[in-house]
Structures are given as structure tokens and as C-alpha cells.
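Below you'll find the structure, written out as C-alpha cells, and then a few comments.
The values are calculated or read from the model by the stated rules, or taken from the named source; none is laboratory data. Quick caveat, the model's predicted, so the values are computed rather than measured. Positions of Cβ are backbone-derived with ideal geometry, glycine not excepted, and every protein chain shown enters the neighbour counts. The protein model used for the area step is the full one, side chains on, heavy atoms only, and it has no ligands, DNA or RNA in it. Shrake-Rupley method; radii C 1.70, N 1.55, O 1.52, S 1.80 Å.
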Amino acid sequence: MRRKNLVIFFAFMYVIAVAVFFKGITGEAVSGDQLTAMCLESSLPSMELVADSGNTDTEKTEQTAETAAKTGTEKTESKTVKKDNGEPRVLIYHTHATESYLPSSEGNYHTTKEENTVRDAGDVLEEVLEENGISVVHDKTLHDNPSYNESYSRSCETVKALLEKYPTIECIIDLHRDATAEEVAGPTQQVKGKTAAVYSYVLSNTTETYEENKAFLAKLNSVAESGYDGYTAKILERPYWYNQELSGKAVLIEMGNNRNNIKEVRQCAEFFGEILAEALEE
């Protein structure tokens with residue numbers, strides 16, 4: 001019994017010593033996200049990823065705006081009210097989920113925090129689609145954390161799993177942003193009296209779904225041209241898959257760039273949501 005008590009005593013003292021050691025180094029507790037960011041900074045110095053200061057689990061297979069916490073802000077929950085729109089028809093996900101906009105320029109415009117990122121824009125897109133009667137699954141998995149090079153292989157597995165879980169999904173949206181090294185304002189366009197970031201589509205021309213996806217993008221631009229002051233997107237064809245073989249309505253959209261303010265991007269997401277909803281109902 002005495003030996004057992006000694007073991008417990010020394011184990012307790014060891015835990016206390018370790019806690020004091022780490023606190024002495026950093027001055028505060030080190031979270032799992034902070035440790036992840038430290039590793040990323042060593043392996044991917046161009047990103048200098050900024051970790052979320054909250055304790056929210058930022059990597060979930062499915063995290064809708066109804067249940068997701070707004071990490072890194074004073075908000076504790078989304079304002080989005082999930083509507084009963086039946087089975088989901090649209091999947092929103094982010095291969096490069098840490099991409100951020102102004103005013104979040106730290107980490108070379110990459111952060112695990114949700115506010116001011118492509119996930120933030122995805123929340124707006126989700127809300128608009130839901131308001132238009134289209135049920136949405138919004139996945140916020142950080143596919144580019146901790147390995148940026150494996151982003152697409154990881155997001156592909158996520159999409160496959162969600163399509164199997166929700167076979168009613170007909171349109172998949174990979175929401176990104178563009179990037180520029182210039183210290184200039186991100187491009188915008190006046191649409192219905194509001195300032196919105198410009199956007200573009202990246203289209204894979206190497207998949208069996210190429211013609212279907214190309215036709216769907218043309219349909220989106222037709223809706224934008226006629227009803228949104230010519231607020232159309234450039235279509236950039238590339239010889240890469242981008243997971244677009246998984247759907248005949250696969251959209252890789254780049255909303256603005258890192259020099260756009262998040263307000264301009266949220267406006268872009270709002271207009272795009274209306275355009276997409278109309279295209280899906282035609």
C-alpha cells in the first residue's frame with residue numbers, strides 16, 4: 001500500500017511539473033491548435049498559419065451553420081436559422097479552408113479562425129440558398145491543415161463520403177479565393193447599387209464531366225448576365241481534376257482575392273447564392 005501511495009504521489013508531482021514547465025515557457029496554456037500552427041509554420045513558412053484561440057473543434061466532417069460556433073470571435077453561434085427544406089441538394093466545402101481576406105492579413109492570409117475566411121463566405125452562401133428553399137450541407141473541414149500539399153486528396157475523400165451519406169446532393173461547391181502579392185485593393189463590381197468582390201470559376205478540362213460542368217457554368221453566367229447587371233465570372237480552364245469528376249454540377253469558385261475586404265466577399269456570396277438558386281430551379 002505504501003508503495004502504491006508513493007507511485008501516485010510522484011505521478012501527481014510529475015503532472016504538476018510538466019504544467020508549470022510549459023506555462024513558464026509560454027506564459028499561458030498551449031492549445032492543440034497552437035501546437036498545430038507551430039508545426040505548420042516550420043513546414044509551410046509561406047502560410048504562417050494563425051491558430052484559432054478558441055476550443056472549438058474546427059475539423060468536422062459535417063458542420064452546418066445551425067450548430068457551428070463562430071470561432072475566433074465574440075459570436076458563440078451562427079445567426080443562420082436552418083430551414084426545413086428537405087433533403088440536401090447542395091454541398092459547400094473548402095479544399096483550402098484557411099484562406100482569409102482583409103482585415104485578417106496575418107499568417108500570409110491563412111488562418112484556422114473562421115471569421116474573414118472562405119468558410120465565413122460559405123456561411124453567407126448557405127444562408128441565401130436555405131432562404132431560397134434549397135437545403136445545404138456546409139462542410140468546414142480544414143483540408144489544408146496540417147498538409148497543404150494533400151488538400152485535394154483529403155477534400156476528395158470528404159466529398160465522396162458526403163455524397164454517399166446524402167445521395168440527393170446534385171451540386172458541389174468548392175469555395176476558394178484568389179491571391180495576389182500586390183498591395184492593391186481587391187477588384188470589385190457594382191451590382192444593384194452594392195459593392196461586391198469579383199469572382200471566377202476554375203474548370204477542369206480533363207474529366208468525364210467536363211461538358212456537363214462547362215454547361216452548368218454557362219447557365220450560371222447566363223443568369224448573372226440577365227438579372228445581376230452583368231455580374232458574370234471568367235471561366236478558367238485547367239488540366240487538373242479539382243474533384244470535378246464527382247459531379248456534373250461541380251463548381252470551383254474563387255470569390256475575390258486576399259486583398260478584398262470580407263464585406264465585399266460576403267456581398268459576392270449573397271449574389272452568387274441568388275444566382276445559383278435560380279440556376280438550380282430552371
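Quick notes on this one:
- Here the calculated FRET efficiency for residue 105 and residue 154, from their Cβ-Cβ distance with R0 = 30 Å, stands at 0.70, rounded to the nearest 0.05.
- Estimated inter-spin distance, residue 226 and residue 180, nm [label 7 Å along Cα→Cβ]: 3.2 nm
- The dipole here belongs to the stretch 102-250: it is taken about the Cα centre, uses +1 on the Cβ of Lys and Arg and -1 on the Cβ of Asp and Glu, and is about 200 debye.
- Per residue accessible area of the stretch 101-205, 1.4 Å probe, in Å²: 38 Å²
- Accessible area (Å², 1.4 Å probe, nearest 10) - residue 172: 0 Å²
- Each Lys or Arg adds one and each Asp or Glu subtracts one; over the other residues with Cβ under 9 Å from the Cβ of residue 195, this totals +1.
- Each part gets one Cα centre, and for the stretch 229-249 versus the stretch 193-210 those centres are 5 Å apart.
- For the stretch 179-282, fraction of C-alpha pairs farther apart than 17 Å, in %: 53 percent
- The overall shape of the stretch 91-162, judged from the alpha-carbon gyration tensor, is oblate: a/c is not under 1.5, and a/b is no greater than b/c.
- Probe 1.4 Å, protein heavy atoms only - accessible area per residue of the stretch 213-262 in square angstrom: 41 Å²
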